[in-house]
Amino acid sequence: MNSINKNLKRASKWAGLLVIAALGAGCASGPGANPRDPLEPFNRGVFKFNDAVDRAVLKPVANAYVEVAPVLVRKGVSNFFENIEDAWSTVNNTLQFKGVAASESFFRFGINTFIGLGGVLDVATEMRIEKHPKDFGHTLGFWGVGSGPYLVLPLLGPSTVRDGIARVVDAQADFAGGLQHVPTRNAVTTVKLVDKRAGLLKVTNMLDQMALDRYTFTRDSYLQSRQSAIFDGYPPDEADGNNRYEVIEEVKP
């Protein structure tokens with residue numbers, strides 16, 4: 001698992017280089033190709049690799065985690081990492097001049113950190129303080145930076161050219177990646193990865209049971225959810241020169 005952690009961090013750090021490599025290697029597309037996914041041959045290859053890693057390692061570990069860890073423990077772990085994400089959301093909502101969202105994200109982080117035992121307890125939600133998750137990809141999109149082609153990153157999963165580059169900035173704000181003690185950093189990164197994968201077990205199990213193209217479903221779900229999140233659930237109409245996407249849950253296999 002330590003080797004997976006190292007690869008995951010390396011993939012985040014060099015996401016921009018992977019974007020450039022993908023653009024140079026996978027632009028061949030036929031007349032029937034999805035215009036948002038001109039790199040489909042490359043993406044499907046990476047998707048297949050990610051799926052193999054997931055089925056061999058991540059999914060079994062996540063299933064074991066769900067079976068062994070009590071619900072309260074798993075909830076506390078999820079709350080802890082989501083609390084850290086609230087801190088980064090504060091920054092990105094501020095960069096988007098969203099005063100209310102930035103304030104609520106800031107108060108969520110402060111309340112859960114100091115009253116919720118470092119974020120293990122989600123006191124802010126009990127106080128009905130709304131959550132406004134935003135990353136740097138959302139910020140770039142808000143300021144008009146186009147998403148570019150859909151892109152599947154090794155181990156990291158669905159992305160776009162814009163979001164792949166933004167991950168380099170997001171990685172700098174990652175709590176686990178900033179830990180200096182290597183064993184501790186690896187342990188925290190492992191727990192974070194397993195917790196995130198465990199949260200997607202129901203979704204991926206549903207996909208496995210459905211007769212559909214998992215790659216296409218994952219791609220469309222990601223693009224739709226990102227578009228919706230950038231415009232806070234109200235993406236522009238096609239009449240405005242953009243596609244309107246319905247709000248659906250983001251899927252990351």
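Every number here is computed from the coordinates shown, using simple stated rules; none is lab data. All values reported here derive from a predicted model rather than from experimental measurement. All Cβ positions, even for glycine, are placed from backbone atoms using ideal geometry, and neighbour counts span all protein chains on display.
Using θ = phi - 60° and the Karplus curve 6.51 cos²θ - 1.76 cosθ + 1.60, what whole-Hz ³J(HN,Hα) does each residue of segment 145-158 get, with Gly and Pro shown as x?
Ordered by residue, 3J(HN,Hα) equals 6, x, 5, x, x, 5, 8, 9, 9, x, 6, 7, x, x Hz.
For segment 220-231, in order, what is each residue's ³J(HN,Hα) by Karplus, 6.51 cos²θ - 1.76 cosθ + 1.60 with θ = phi - 60°, in whole Hz (x at glycine and Pro)?
With the stated coefficients, segment 220-231 comes to 5, 5, 5, 4, 5, 5, 5, 4, 5, 5, 4, 9 Hz.
For segment 102-167, run through the GluC sites (Glu not before Pro) and keep only the ones in DSSP coil with at most 14 other Cβ atoms within 10 Å of their Cβ. Working shown, then result.
On the way: sites: E104, E126, E130; in loops: E130.
The qualifying sites are E130.
Using modelled backbone amide H atoms (1.01 Å from N, in-plane), which distant-in-sequence or interchain residues come within less than 5 Å of L151's amide H?
The list, which skips near neighbours in sequence, is S159, T160, V161.
Be a star and scan segment 40-70 for residues whose amide nitrogen sits under 12 Å from the point 7 Å along the Cα-to-Cβ vector of R214.
In segment 40-70, the label zone of R214 (backbone N under 12 Å from the point 7 Å along Cα→Cβ) covers 47-60.
Please rank L58, L212, fewest neighbouring Cβ atoms within 10 Å first, as an exposure proxy. Walk me through the intermediate numbers first.
Numbers: L58 21, L212 9.
Fewest-to-most ranking of L58, L212: L212, L58.
Could you check the simple spin-label distance between N205 and A56, using points 7 Å along Cα→Cβ, in nm with one decimal?
Calculated label separation equals 2.4 nm.
Give me K48, K59 sorted ascending by neighbouring Cβ count inside 10 Å, so fewest comes first. Intermediate results must be reported in sequence, preceding the final value.
Values: K48 12, K59 20.
Least to most surrounded, the residues fall as K48, K59.
If the chain between Q180 and K48 were fully stretched, how many nm would it gain, using 0.36 nm times the residue separation less the Cα-Cα distance? Please list the in-between numbers first.
Values: separation 132, 0.36 × 132 = 47.52 nm, distance 3.33 nm.
My answer for the length gained is 44.2 nm.
Modelling each spin label as a point 7 Å along the Cα-to-Cβ direction, I'd like the V68/T125 distance in nm, to one decimal.
Placing both labels 7 Å beyond Cα along the Cβ direction yields 2.5 nm.
How do T184, T160 line up, fewest other C-beta atoms within 10 Å first?
Values: T184 11, T160 23.
Ranking T184, T160 by Cβ neighbours within 10 Å, fewest first, gives T184, T160.
Show me, for segment 88-105, the HN-Hα J-couplings you get by feeding each phi into the Karplus relation (A = 6.51, B = -1.76, C = 1.60, θ = phi - 60°), rounded to Hz, glycine and proline as x.
Residue by residue, segment 88-105 yields 6, 5, 4, 5, 6, 5, 5, 4, 9, 6, 9, x, 5, 5, 5, 5, 5, 5 Hz.
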